[in-house]
Amino acid sequence: KAGVTQTPRYLIKTRGQQVTLSCSPISGHRSVSWYQQTPGQGLQFLFEYFSETQRNKGNFPGRFSGRQFSNSRSEMNVSTLELGDSALYLCASSLGRGWAEAFFGQGTRLTVV
Amino acid sequence: GEDVEQSLFLSVREGDSSVINCTYTDSSSTYLYWYKQEPGAGLQLLTYIFSNMDMKQDQRLTVLLNKKDKHLSLRIADTQTGDSAIYFCAEKDTDKLIFGTGTRLQVFP
């Protein structure tokens with residue numbers, strides 16, 4: 001059974017550009033959450049999607065957005081990139097709301113220059 | 001507020017037991033977790049405990065939960081060099097995880 005797949009693994013972008021990251025959850029999992037990991041702020045929750053609907057959102061500016069498709073795959077988008085957006089972006093997959101186990105992908109390392 | 005605290009570093013000799021501690025703030029958390037992160041990798045779910053349990057054992061891992069003190073610990077028996085990593089505790093708040101700062105475990109021969 002394949003795990004959580006995030007693409008791309010590494011990305012370098014310039015300030016002001018936008019970026020789209022992709023996450024394919026474990027087969028059968030319907031909930032996808034996104035987290036940002038930085039040395040200064042640690043792991044912070046971005047948003048959670050279930051059945052193509054955003055159910056929960058963290059304290060991030062509107063430049064951060066996401067969506068989920070009918071096959072449960074999810075994308076997150078960051079517009080007008082800032083240097084401070086450089087981070088490891090992690091996606092977590094679970095069966096659904098209320099389930100205990102959440103499995104993470106390898107992450108996408110975004111560097112903004 | 002939401003705050004999960006861990007000590008930053010732990011150094012142990014190979015073969016000894018490691019104990020990583022965590023304190024959390026939300027008494028309504030349903031589940032508490034331990035994740036492991038190796039360099040350049042994502043988070044690996046090690047184990048989790050339901051909030052109405054006091055202890056959970058899974059091979060070399062033992063999780064202890066003290067709800068009264070909001071204290072969670074992870075004991076790794078017979079620690080190996082492959083256990084060197086950063087360990088994060090997390091609490092579940094609705095459907096998001098709130099993570100601690102992580103404890104870097106270093107295992108020396």
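Details
- Only one of the numbered conditions (1) of a type outside the set (Lys, Arg); (2) over 12 Å from B:Ile86 (Cβ atoms); (3) without any contact (Cβ under 8 Å) to a residue 40 or more places away in the chain is not met by B:Gly40, and that is (2).
- Members of region A:58-74 that are touching a residue at least 40 places away in the same chain (Cβ under 8 Å) and crowded, with 17+ Cβ neighbours inside 10 Å: A:Ser72, A:Ser74
- Of the strands (runs of 3 or more DSSP E) entirely within region A:14-113, those holding at least 2 residues that are touching a Phe, Trp or Tyr at 6+ places or on another chain (Cβ under 7 Å) and under 14 Å from B:Gly42 (Cβ atoms) occupy A:31-38, A:87-94, A:108-112.
- Every listed requirement among (1) farther than 21 Å from A:Gly42 by Cα; (2) within 15 Å of the chain's Cα centre (by Cα) is met by B:Leu72 save one, (1).
- Search result, residues across region A:89-104 that are within 30 Å of A:Gly16 (Cβ to Cβ) and more than 8 Å from chain B (Cβ to nearest Cβ): A:Tyr89, A:Cys91
- Pair list, Cβ under 6 Å, 6 or more apart: region A:35-57 residue on the phi < 0 side of the Ramachandran plot, other residue of a type in the set (S, T, N, Q) and surrounded by fewer than 18 Cβ atoms within 10 Å (Cβ to Cβ): A:Gln36/A:Gln44; A:Phe47/A:Gln54; A:Glu48/A:Asn56
- Selected residue (criterion: surrounded by the fewest Cβ atoms within 10 Å (Cβ to Cβ)) from residues of region A:75-97 that are under 18 Å from A:Gln44 (Cα atoms) and charged (D, E, K, R): A:Glu82
- Checked against the criterion of being free of Cβ contacts under 8 Å to residues at least 24 places away in the same chain, small (Gly, Ala, Ser) and under 17 Å from A:Glu101 (Cβ atoms), the candidates B:Ser29, B:Ser51 yield just one match: B:Ser51.
- Qualifying residue in region A:102-112 (condition: surrounded by 13 or more Cβ atoms within 10 Å (Cβ to Cβ), small (Gly, Ala, Ser), at pLDDT 95 or above and over 16 Å from B:Tyr35 (Cα atoms)): no
The values are calculated or read from the model by the stated rules, or taken from the named source; none is laboratory data. All values reported here derive from a predicted model rather than from experimental measurement. When we count neighbours, we look across all protein chains shown, and the Cβ atoms used for this are built from the backbone with ideal geometry, even at glycine.
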